[in-house]
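The values are calculated or read from the model by the stated rules, or taken from the named source; none is laboratory data. Only a predicted model underlies this, so the values are computations on that prediction, with no experimental measurement involved. For neighbour counting, all protein chains shown are included, and Cβ atoms are generated from backbone atoms with ideal geometry for every residue, glycine included. Only protein heavy atoms, including side chains, enter the accessible area calculation; ligands, DNA and RNA are left aside. Shrake-Rupley method; radii C 1.70, N 1.55, O 1.52, S 1.80 Å.
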Amino acid sequence: MSSQIILPRIMQIGADASLEISNVLASLGCQRPLIVTDKMMVELGYVAAITQRLTPQGIQSDIFDQTVPEPTVASIRDGVAMARAGNYDCIIALGGGSPIDSAKAISILALCGGEMKDYRFPRQVNEQGLPVIAVPTTAGTGSEVTRFTVITDESSDEKMLCVGLGFMPVAALVDYKLTLSLPPRITADTGIDALTHAIEAYVSKKASPYSDSQAISAMKLLAPNLRTSYHQGDDHQAREAMMLGATLAGIAFSNASVALVHGMSRPIGAFFHVPHGLSNAMLLPAVTAFSIPGAPARYADCACAMGIAAPKDTTQDANQKLLAELKALNQELAVPTPQQFGIKREEFFALTTTMAQQALASGSPANNPVEPSIDEMVAIYQGLWD
Ligand SMILES: [Fe+2]
């Protein structure tokens, strides 16, 4: 059996990679970019740093800076209109996962028409939109190297997973220096998201030797550096490891899919506006405990790659060490329970069945080592409360 691996055409990785933007555009034959970003990137001067590289090369760009965290159909509408109205030949997506996911959706809607719900999973979106050059400023989502985007349908409070070659950026400029000023909370949330990608890709039923190699390398980089980057944000070595780890984890899950954590996480985010990485973190220990019986040896490999178990440990011991580490990590990184996050108990419990149904519909739980029933997912949701 063979596996099809999909990657960006160009990856520029390392310190100051983002400053190579004009060279990358030239390699792709692009001359008229629309920069899709958010207000924070403008305020931090990151947009100016990009345009300062473009203007001397005679490259005129425009800026759409209205993207929002956890993007919705409405939040990208003006960006689509702008992309359609201009004579752009590419999109530069600058920011965390939300601006990059927004840019991917804008790219497809601008050239291929229709509405976002037309492109939701299980449709395979292999149309080609405007080429996206992704410049991530967080070490987490891996969106710069994935064939996915997630856009919320605000009419139904549903996070729509959209999948296909059309959502793969043509280039990724992976510059850890853009993450040096990230606050600890975002560092933790995005870092746990990346670690979750690596673990889920490795235990996924769609894993392959290629995705395994990326997932294991990602875990080796992420696990020992997550705490350091959270406590000492200016530690270049830790930031560089986290950034590369997040990108490798992105490659792993783009080619092997995510599983139950992500499936159950999206509805928590959509209904209660919990940031993506944080809802993953809330779920990761409980879902791992539920899933270990389906792939105990694979989870033991994860514990070894993360540096918390030794190859001489029994599988059972390694699994226990993994569970202990995931709980300890949440505690040290101050991950709240749904209650501590401020969710109302009645609202959370009233929606557990709906959330489980939406999780199942996303397709991600089907990749899990143990395929859960609706009742089992409801029980996991309920268990998060206490
Ligand atoms: Fe994720």
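To the nearest 0.05, how large is the calculated FRET efficiency for residue 155 and residue 84 if R₀ is 25 Å and r is the Cβ-Cβ distance? That gives a FRET efficiency of 0.65.
Placing a pseudo-label 7 Å from each Cα along the Cα-to-Cβ vector at residue 7 and residue 44 gives an inter-label distance of 2.6 nm.
Overall shape of the stretch 71-166 was characterised from the C-alpha gyration tensor. The equivalent ellipsoid obtained from it has semi-axes of 17, 16, 13 Å, in decreasing order.
Counting only alpha carbon atoms, the long axis of helix 73-85 and the longest principal axis of the chain meet at about 30°. By the gyration tensor of its Cα atoms, with a ≥ b ≥ c the square roots of the eigenvalues, what is the shape of the stretch 110-177: rounded for a/c under 1.5, prolate for a/b over b/c, or oblate? Oblate.
For residue 375 and residue 320, what is the calculated FRET efficiency with R₀ set at 25 Å and r taken between the beta-carbons, to the nearest 0.05? The formula returns an efficiency of 0.45 here. About its Cα centre, the chain has a charge dipole of approximately 500 debye under the convention of +1 per Lys or Arg Cβ and -1 per Asp or Glu Cβ, with nothing else charged. How far is helix 374-385 tilted, in degrees, relative to the longest principal axis of the Cα atoms in the chain, given as a value from 0 to 90 rounded to the nearest 10? So the inclination is approximately 90 degrees.
With all protein chains in place and ligands, DNA and RNA left out, the 1.4 Å accessible area ranks 349, 253 as 349, 253, largest first. For the stretch 308-386 versus the stretch 1-46, the spacing of their alpha-carbon centroids is 34 Å.
Working note: 222 nm ellipticity from helices only, DSSP H runs with n ≥ 4, each -39,500 (n - 2.57), summed and divided by the residues of the chain, gives -16500 deg cm²/dmol to the nearest 500. Peptides 115-122, 355-362 ranked from most to least packed, by the mean per-residue count of other Cβ atoms within 10 Å: 355-362, 115-122. Comparing mean-square fluctuations of 198, 350, 309 from a GNM of the chain with C-alpha springs under 10 Å, the top value falls on 350.
Projected onto the charge dipole of the stretch 305-386 (+1 at Lys/Arg Cβ, -1 at Asp/Glu Cβ, origin at the Cα centre), which of 352, 330, 320 gives the Cα projection farthest towards the positive end? Looking along the dipole axis, the top candidate is 330.
Annotation: per residue accessible area for the chain equals 39 Å², rounded to a whole number [probe 1.4 Å, protein chains only]. Proximity of backbone amide H atoms, modeled 1.01 Å from N, is registered between residue 11 and 172 at under 5 Å, excluding neighbours fewer than 5 places apart on the same chain. Largest first and in whole Å, the equivalent-ellipsoid semi-axes of the chain read 32, 23, 19, each the square root of five times a Cα gyration tensor eigenvalue. Atom-type composition of the exposed protein surface of the chain places 52 percent of the accessible area on carbon and sulfur (1.4 angstrom probe). Counted residue by residue at 0.36 nm each, then reduced by the alpha carbon distance between them, the extension gain from residue 28 to residue 232 reaches 69.7 nm. For residue 17, the shell of other residues with beta-carbons less than 14 Å away shows a net charge of -2, using +1 for Lys and Arg and -1 for Asp and Glu. Here the spin labels are modelled as points 7 Å beyond Cα on the Cα-Cβ line, and at residue 382 and residue 124 they lie 4.0 nm apart. Simple spin-label estimate for residue 349 and residue 19 gives 5.7 nm between the two label positions (7 Å along the Cα-to-Cβ direction from each Cα). Taking the three principal axes of the alpha carbon atoms in the stretch 175-302, the coordinate ranges are 39, 35, 21 Å, sorted in descending order. Using the alpha carbons alone, the radius of gyration of the stretch 184-383 stands to its Kirkwood radius in an Rg to Rh ratio of 0.95.
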